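A short worksheet on the structure shown next.
The values are calculated or read from the model by the stated rules, or taken from the named source; none is laboratory data. Values in this document were obtained by computation on a predicted structure and should not be read as measured data. Here the Cβ positions follow ideal geometry from the backbone for every residue, glycine too, while neighbour counts run over all protein chains shown.
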Amino acid sequence: MRIETVRCQVLGTNVTRVVDFEGAIDRVICPEYKRPDGSCRLKRAAGTGGPLSRLVARVDDDMVTDGAVMCGLR
């Protein structure tokens with residue numbers, strides 16, 4: 001196992017990933033990552049806001065056509 005630090009565009013800071021020897025991601029260590037379904041709590045919360053908050057959440061991730069709440073780092 002190895003540990004990688006990657007930039008999360010949603011959180012705006014670095015988070016940690018635990019990767020196995022074959023390169024598969026085993027775990028994401030982030031306060032906003034919801035492990036059971038692999039979603040991001042910040043992205044999910046933005047989806048419950050008004051139209052402007054949903055637009056900003058999608059544009060930040062270059063996901064204009066997709067309102068996904070999944071974590072892109074998993």
**Request:** Would you please name the residue that is farthest from R74 (Cα to Cα), looking only at residues in segment 1-12 that are surrounded by 11 or more Cβ atoms within 10 Å (Cβ to Cβ) and in contact with a Lys or Arg (Cβ under 9 Å, 6 or more places away or on another chain)?
**Result:** V10
**Prompt:** Looking at segment 25-38, is at least one residue small (G, A, S) and over 14 Å from V69 (Cβ atoms)?
**Reply:** no
**Message:** Going by what's in this entry, would R35 be described as at pLDDT 90 or above, among the basic types (K, R), surrounded by 11 or more Cβ atoms within 10 Å (Cβ to Cβ) and out of contact with any Lys or Arg (no Cβ under 7 Å at 6 or more places or on another chain)?
**Reply:** yes
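Can you work out which of the residues in segment 53-74 that are at pLDDT below 75 and not in a loop (DSSP other than H, G, I, E, B) is nearest to C8 (Cα to Cα)? First the steps, then the outcome.
Taking segment 53-74 as the starting set, the residues that turn out to be at pLDDT below 75 are 53-67.
Next, only the ones that are not in a loop (DSSP other than H, G, I, E, B) stay: 53-60.
Numbers: S53: 18, R54: 18, L55: 18, V56: 16, A57: 13, R58: 14, V59: 14, D60: 11 Å.
Ranking the qualifying residues of segment 53-74, first place goes to D60.
Would you point out the residue of segment 12-42, among those that are of a type in the set (A, V, I, L, M, F, W, C) and part of a strand (DSSP E or B), that is farthest from R2 (Cα to Cα)?
If we filter segment 12-42 for residues that are of a type in the set (A, V, I, L, M, F, W, C), which is where we start, we get 15, 18-19, 21, 24-25, 28-30, 40, 42.
Still in the running and part of a strand (DSSP E or B): 15, 18-19, 25, 28-29, 40.
Numbers: V15: 14, V18: 6, V19: 5, I25: 10, V28: 12, I29: 13, C40: 23 Å.
Checked segment 12-42; the qualifying residue farthest from R2 (Cα to Cα) is C40.
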